[in-house]
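See structure below.
The values are calculated or read from the model by the stated rules, or taken from the named source; none is laboratory data. Everything quoted here is computed from the prediction, not taken from an experiment. Cβ atoms come from the backbone with ideal geometry, glycine included; neighbour counts cover every protein chain shown.
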Amino acid sequence: MGAIRLRERRDDALPSAVVAGVRAQLATIDVSVMSDHERVALVAELERLKGAAAACQARATDALRESRERSAPQDVARSVGSEVALARRESPSTGDRFVGLSRALVHEMPHLLAALTDGVVAERAAVEVVRETATLSREHRGEVDRRIAEALPGLSARMAGRAAARVAAELDAASVVRRMEAAVRSRRVSVRPAPDGMAYLTVLGPLREVVGAHAALLRRARSVVGGQCEDEAPQGRGVGAVSADTALRLLAGLVHGQVQPVEVQLVMTDRALLGTGDPHRPVDEPARIPGHGSVPAPVARAWVRAAGPASVWLRRLYTSPDGRDLVALDSRRRTFLGGLRRMLVLRDDVCTTPYCDAPVVHADHAHPSRDGGPTSAFNGNGKCARCNLVKEAPGWQVVVERASPHETLTRTPAGHVYRSIAPPLLGWGSETHPPPDPRRMDDSALESRIDWFLAAAS
């Protein structure tokens, strides 16, 4: 009877359809006819709606996890986390955290779940509370939930986390100490892009050592800015700029004024770099650093000039006629190595799983090589380590839809399909161009132009 009822139920009565209807109604609200009081009230109510939606997502996510554990218990956590991440349009690691958050809310923190359902706290606050109680027993976590429940509506997300941490330290100081010891073992250095051609280099380490290193950098920077260092002049820089320059120079093992020798995969057109090539393409077409985004052409040219001819290596990339896609390569080997692997990294930019954005670590066969999948540019796609492993879990499938632009379809165990398209060679937002005039410079002329440029850069 249950199966018959499910088939008889109309699609527009499904919970997802009901929510979609509410979402569509939001677009019909005319804010131009409201008073300022009504507009602010609307913003507040929408914020409560976001909290209620997060609570509903948490209940659905935990029910999905329990269902998978009953039907296919192997590797459930990673698979469910990736599937939820796709649905929430976020990275797999963030999806993992939401699965853990959902489990804690549904089974261990009923007061916090109720507050989220009522919209009196935001998802950010729930994340902070759950994170600060992660090492507690179920009983202690429930006690934290009870003791801070009344105060939660008046606390910011950070304050809610601090309140939970305080109660946790009171209930089980030993677990807090163990958590701090475990955190020390997870110390690491990471890099991520920042706006305007910048990047963040983050050192996660013990508080005492990091604070000490920061103090040493500031002390050195203040000495430079104050003109007290004979080996380095401020050159118009402030304390912050000198601190950053000093930290990067020391980490790279360079002396003052030495050029960074590490290879940077800067991708730009011959027109933007050398002024040659298709005359219809702009000379200021932005360049791209795979995994980190676009940089203006004048900045890229300045980087090349600053490096000097001894540090510059040029590698020609052959594209489709419109310049959008990197031309396919092939290999007879079982693994993606050398130029083919470099091509996949340049083409895909980041992990091809939608919304992941992690750096490419594995050159993967979309159609597994054990099942006859070729080691080719068409069948290859860049993956982070996590997504490459998840693809092997039951119910997951990746299919290459077309070669140019390279497009893959990811099917999840629940039957949802997500599309991923490789970005244009110069990054999203770059324009395609008609095929260039066949009367191009030959290789010798291009090489002469390259020699001229490198000489000018010196």
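A few comments on the model shown:
- Within region 371-390, the set of residues being among the basic types (Lys, Arg) and part of a strand (DSSP E or B) comprises just one member, LYS383.
- Residue match in region 92-107 (condition: outside the structural domain of ASN388 (by TED's automatic domain parsing), at pLDDT 95 or above, aliphatic (A, V, I, L, M) and more than 27 Å from the chain's Cα centre (by Cα)): yes
- For PRO15, the conditions (1) surrounded by fewer than 10 Cβ atoms within 10 Å (Cβ to Cβ); (2) modelled with pLDDT of 90 or more; (3) closer than 24 Å to PHE98 by Cα all hold with the exception of (2).
- Filtered by the rule that a residue be free of Cβ contacts under 8 Å to residues at least 24 places away in the same chain and over 18 Å from PRO206 (Cβ atoms), region 170-183 gives GLU170, ALA173, ALA174.
- Tabulated pairs, region 378-392, first within 11 Å of PRO92 (Cβ to Cβ), second of a type outside the set (Ser, Thr, Tyr) and in a helix (DSSP H, G or I), C-beta under 6 angstrom, 6+ apart or interchain: ARG386/PRO92; VAL390/ARG78
- Test: residue in region 53-62 that is modelled with pLDDT under 95 and among the hydrophobic types (A, V, I, L, M, F, W, C): no
- Per-region count, region 108-121, residues part of a loop (DSSP other than H, G, I, E, B), surrounded by fewer than 20 Cβ atoms within 10 Å (Cβ to Cβ) and among the acidic types (Asp, Glu): 0
- Number of the exception - GLU150 against (1) exposed (fewer than 12 other Cβ atoms within 10 Å of the Cβ); (2) modelled with pLDDT under 90: (2)
- Within region 137-172, the set of residues being in a loop (DSSP other than H, G, I, E, B) and of a type outside the set (D, E, K, R) comprises SER137, ALA149, ALA151, LEU155, SER156.
- Check on ARG187, modelled with pLDDT under 90 and in contact with a Pro (Cβ under 8 Å, 6 or more places away or on another chain): yes
- Selection within region 122-136 - outside any loop (DSSP other than H, G, I, E, B) and in contact (Cβ under 8 Å) with a residue 60 or more places away in the chain: GLU123, ALA126
- The single condition among (1) surrounded by 15 or more Cβ atoms within 10 Å (Cβ to Cβ); (2) at pLDDT 85 or above; (3) of a type in the set (S, T, N, Q) that GLN235 does not meet is (1).
- Pair list, Cβ < 9 Å and 6+ apart or interchain, from region 394-410 residues that are within 11 Å of ALA366 (Cα to Cα) to residues that are part of a loop (DSSP other than H, G, I, E, B) and among the charged types (D, E, K, R): GLN397/LYS391; VAL398/LYS391; THR410/LYS391
- Test for GLY161: is it closer than 19 Å to HIS107 by Cβ and either surrounded by 14 or more Cβ atoms within 10 Å (Cβ to Cβ) or outside the structural domain of GLY119 (by TED's automatic domain parsing) (or both): no
- Of all residues in region 60-93, those being closer than 10 Å to ALA393 by Cβ, in contact with a Lys or Arg (Cβ under 8 Å, 6 or more places away or on another chain) and of a type outside the set (Gly, Ala, Ser) number 3.
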